[in-house]
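The values are calculated or read from the model by the stated rules, or taken from the named source; none is laboratory data. Please read all numbers here as calculations on a predicted model, not as lab measurements. Because the Cβ atoms are built from the backbone with ideal geometry, glycine has one as well, and the counts that use them run over all protein chains shown.
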Amino acid sequence: MRITHEIEITPTAVILDGQTLTQTETGEKMLIGLYRQHANDYPKFFKMDTLCRLGFIATELLLQAEGAERFVPTEDRAVILANRNASIKNDKDYLKTISEQDYYPSPALFVYTLPNIVTGEIAIRNKYMGETAFYILDTPDQLMPIVETTLNTPYSTLNSAIAGWCDCSDANTFYAKIQIIWKN
């Protein structure tokens with residue numbers, strides 16, 4: 001496997017292919033600023049939870065760095081992400097909408113109580129019809145064997161993957177390290 005592009009995002013920094021992108025905001029405001037500066041054409045972004053925003057903007061920056069033709073349907077790219085906390089931030093937000101006095105949970109928050117929604121958003125945005133998966137793992141290093149197996153499964157039509165760690169425990173505590181990986 002060969003990595004062609006890599007991004008790392010923390011609440012205070014963005015490093016794309018070894019170069020730090022200048023940011024004036026931090027936390028979730030930084031993600032919104034990155035969206036406005038680098039994408040700004042997918043209004044659904046503002047409905048997303050922080051985990052989805054993190055994975056979405058990381059992928060947007062990676063794909064821009066790749067420079068390949070975008071938004072063309074393809075079956076040869078997978079989206080494989082993992083984290084340790086599933087969708088805990090949004091799960092807590094959703095739980096706050098449920099009370100004994102007013103039991104009306106928020107459907108807008110409910111959809112994001114599944115961590116795999118971020119892989120779906122990335123696939124929909126980029127018209128990827130290959131495999132998508134989201135794993136809950138203890139450590140980021142557990143993901144690479146899964147990516148390698150997925151790309152090298154016999155009869156697979158996959159040539160590459162957007163893969164990595166995408167974790168968020170609250171609106172200002174998150175970490176992503178995502179790569180574009182090609183099979184040899």
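For beta carbons closer than 7 Å, sequence separation of 6+ or different chains, a first residue in region 1-17 that is within 15 Å of Q64 (Cα to Cα) and a second that is in a loop (DSSP other than H, G, I, E, B) and at pLDDT below 95, the qualifying pairs are V14/Q23. Being of a type in the set (F, W, Y) and within 11 Å of the chain's Cα centre (by Cα) is the filter here, so list the residues in region 39-57 that pass it. The answer is F56, and nothing else. Considering only residues that are in a helix (DSSP H, G or I) and basic (K, R), look in region 46-101 and name the one that is farthest from M129 (Cα to Cα). So the residue we want is K96. Taking region 78-94 as the range and being modelled with pLDDT of 95 or more, crowded, with 23+ Cβ neighbours inside 10 Å and not aliphatic (A, V, I, L, M) as the test, only N83 passes.
Annotation: of all residues in region 39-67 being loosely packed, with under 14 Cβ neighbours inside 10 Å and not basic (K, R), the one that is farthest from R77 (Cα to Cα) is F46.
To keep it simple, each residue is scored yes or no on (1) farther than 22 Å from E28 by Cα; (2) in contact with a strand residue (DSSP E or B) (Cβ under 6 Å, 6 or more places away or on another chain); (3) assigned to a strand (DSSP E or B).
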residue	(1), (2), (3)
Y135	yes, yes, yes
D141	yes, no, no
P145	yes, no, no
A161	yes, yes, yes
C168	no, yes, yes
I180	yes, yes, yes
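The residues of region 167-184 that are crowded, with 16+ Cβ neighbours inside 10 Å and of a type in the set (S, T, Y), listed by number, are S169, Y175. Look at (1) among the aliphatic types (A, V, I, L, M); (2) within 12 Å of the chain's Cα centre (by Cα); (3) over 30 Å from T22 (Cβ atoms); (4) part of a helix (DSSP H, G or I) and you find that L109 fails only one, number (2). Pairing each residue of region 143-172 that is of a type in the set (V, I, T) with any residue that is in a loop (DSSP other than H, G, I, E, B) and at pLDDT 90 or above, provided the two are 6+ apart or on different chains, yields C-beta distances under 6 Å for T157/E75; T157/D76. Among the residues of region 152-177, the ones that are at pLDDT 95 or above and more than 19 Å from Y112 (Cβ to Cβ) come to 8 in all.
Tell me, please, whether a residue that is more than 14 Å from the chain's Cα centre (by Cα) and modelled with pLDDT under 95 can be found in region 10-19. No: zero hits.
Among residues of region 107-136 that are under 14 Å from K47 (Cα atoms) and touching a residue at least 60 places away in the same chain (Cβ under 8 Å), those with a Cβ under 9 angstrom from a residue that is in a loop (DSSP other than H, G, I, E, B) and of a type in the set (A, V, I, L, M, F, W, C), sequence gap 6+ or separate chain, pair up as Y112/M48; I117/M48; V118/M48; E121/M48.
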